[in-house]
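This report refers to the structure that appears directly beneath it.
The values are calculated or read from the model by the stated rules, or taken from the named source; none is laboratory data. Model, not experiment: these values are computed from the prediction. Please note: Cβ atoms are built from the backbone with ideal geometry, for glycine as well, and neighbour counts cover all protein chains shown.
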Amino acid sequence: MNIVILAPCPVPLTIGGAEKLWWGLLNYLNAETHHHADMIKLPGPERDFWEVVDSYRRFSDLNLRYYDLVVSGKYPAWMADHPNQVCYMLHPLRGLYDAYPRHWPPRCEVRHPDVRRLVGLLRGGDHSREALFECFARVERLAAPRRPRRLRHPVPKEAFAFPGPLIREIVQFCDRVAFRPGAIRRFGAISATVAGRDGYFPAGTDVAAVHPPSGLTGFRPPRRGRYLFTVGRLDPPKRVDLLISAMQSVPANVELWIAGTGPDDARLRELASADARIRFLGFVNDTALLDLYAGALAVLFAPLHEDFGLVALEAMSAGKPVITTRDAGGAQELVQHGRTGYVVDPRPESIAAAVEKLVRRRGLARRMGLRGRELTQQVSWDRVCSTLLEGLEP
């Protein structure tokens, strides 16, 4: 088959787990199967109400009928209409789904007539492509006033809050159009965590949860570990601050090395400034990352409700035990408590106690790492592709 992987490009450009996942799938399809695979990425800015709507509109306008199969997996790529599409779900726009603030209104109550007409469409139960483009047209009418009447009666600014109830209703409506009956041939998810989240998939949908492998290759033989390690984007959901706080309860003279960049960098450095054992490495390339994994005693990974947990998979592939938390999401599916690492309460003292066990029992850390490395052999692109693509050839 001629396959296209369709994905949004972050704005500003960053290389994260999603980008590495799509590259890995693309390379596998072209190198190891009889299929021909391409990838199309469109910029997907989401800094405000209008950028999100425009991103959804751009993907909806794509004509991909000259491909035999489309693979999507992250909003708003699945808006492209194709008779043979597979959705391998990473996640929808989580800030408008499970991460939407609970104390905010779930539905738009703005009384402006143009807003009410739009909301009436969104709640009307018509999830056809025709309704989708009517939605975009009605959103366009909410833009900056072009006629004297609208100068006198502008749409209140709160209607365009992001995140906010109106954009939440718009995005969830668009996703329902994309996932209307018959629009997606097969649904998959990168973890059971994603597959089980409320509202991500149409009710009653059969979702195949299959873990993707890491795009990182060439793992080194594990060396005797001398530091704790974590890597990832430095932003609040990754909870690196929890790891820094845990170090205050670790009496051993063991260092924590933190690789990555992000908006939380300055705050985290300030939080760690009194502990000389904590080092920030900034951005590291793949070659350096392989060396860092190989030299670690253990890898700490404590995000909040992570979709998958690529860091945990990479650490296990490197032969290192992983310390994660009970609310980390997908990482819990990978780490076997007491066998390949520890799954503990998300409290500094609980993480510190797990660290202390591995610091005092280096042989245990090594045995856990070897068990984890063996388990990761079951995670492969061959398994992903056989699960998602079998039987879909035109």
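So in the range 369-394, with the set limited to residues that are in contact (Cβ under 8 Å) with a residue 40 or more places away in the chain and either closer than 16 Å to ALA298 by Cα or exposed (fewer than 13 other Cβ atoms within 10 Å of the Cβ) (or both), which one is farthest from the chain's Cα centre (by Cα)? Among those residues, the one meeting the criterion is PRO394. Just one residue in the set ASP48, ASP68, ASP61 is of a type in the set (D, E, K, R), surrounded by 15 or more Cβ atoms within 10 Å (Cβ to Cβ) and assigned by TED's automatic domain parsing to the domain that holds GLY199; that residue is ASP68. Filtering the range 9-47 to residues that are assigned to a strand (DSSP E or B) and under 22 Å from CYS385 (Cβ atoms) leaves HIS36, ALA37, ASP38, MET39, ILE40, LYS41.
Just to be sure before I move on: is LEU334 farther than 19 Å from ASP291 by Cβ, free of Cβ contacts under 8 Å to residues at least 60 places away in the same chain and of a type in the set (A, V, I, L, M, F, W, C) in the structure I sent? No: the conditions fail for LEU334.
Looking at THR230, THR261, just one residue is out of contact with any Pro (no Cβ under 6 Å at 6 or more places or on another chain) and either closer than 21 Å to ARG367 by Cα or surrounded by fewer than 15 Cβ atoms within 10 Å (Cβ to Cβ) (or both), and that residue is THR230.
The residue that is surrounded by the fewest Cβ atoms within 10 Å (Cβ to Cβ), counting only those in the range 21-34 that are in contact (Cβ under 8 Å) with a residue 60 or more places away in the chain and more than 20 Å from ALA189 (Cα to Cα), is GLU32.
Scan the range 229-254 for residues that are touching a strand residue (DSSP E or B) at 6+ places or on another chain (Cβ under 6 Å) and either closer than 21 Å to THR287 by Cβ or outside the structural domain of GLY363 (by TED's automatic domain parsing) (or both) and the total you get is 3.
Per-residue answers, yes or no, for (1) free of Cβ contacts under 8 Å to residues at least 40 places away in the same chain; (2) among the hydroxyl-bearing types (Ser, Thr, Tyr):
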| position | (1), (2) |
| --- | --- |
| TYR67 | no, yes |
| VAL70 | no, no |
| LEU93 | no, no |
| VAL115 | no, no |
| PHE133 | no, no |
| GLU140 | yes, no |
| VAL155 | no, no |
| ALA159 | no, no |
| ILE170 | no, no |
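Cβ separations smaller than 9 Å between residues 6+ apart or across chains give the following pairs from the range 353-368 residues that are assigned by TED's automatic domain parsing to the domain that holds ALA312 to residues that are β-branched (Val, Ile, Thr) and part of a helix (DSSP H, G or I): ALA365/VAL359.
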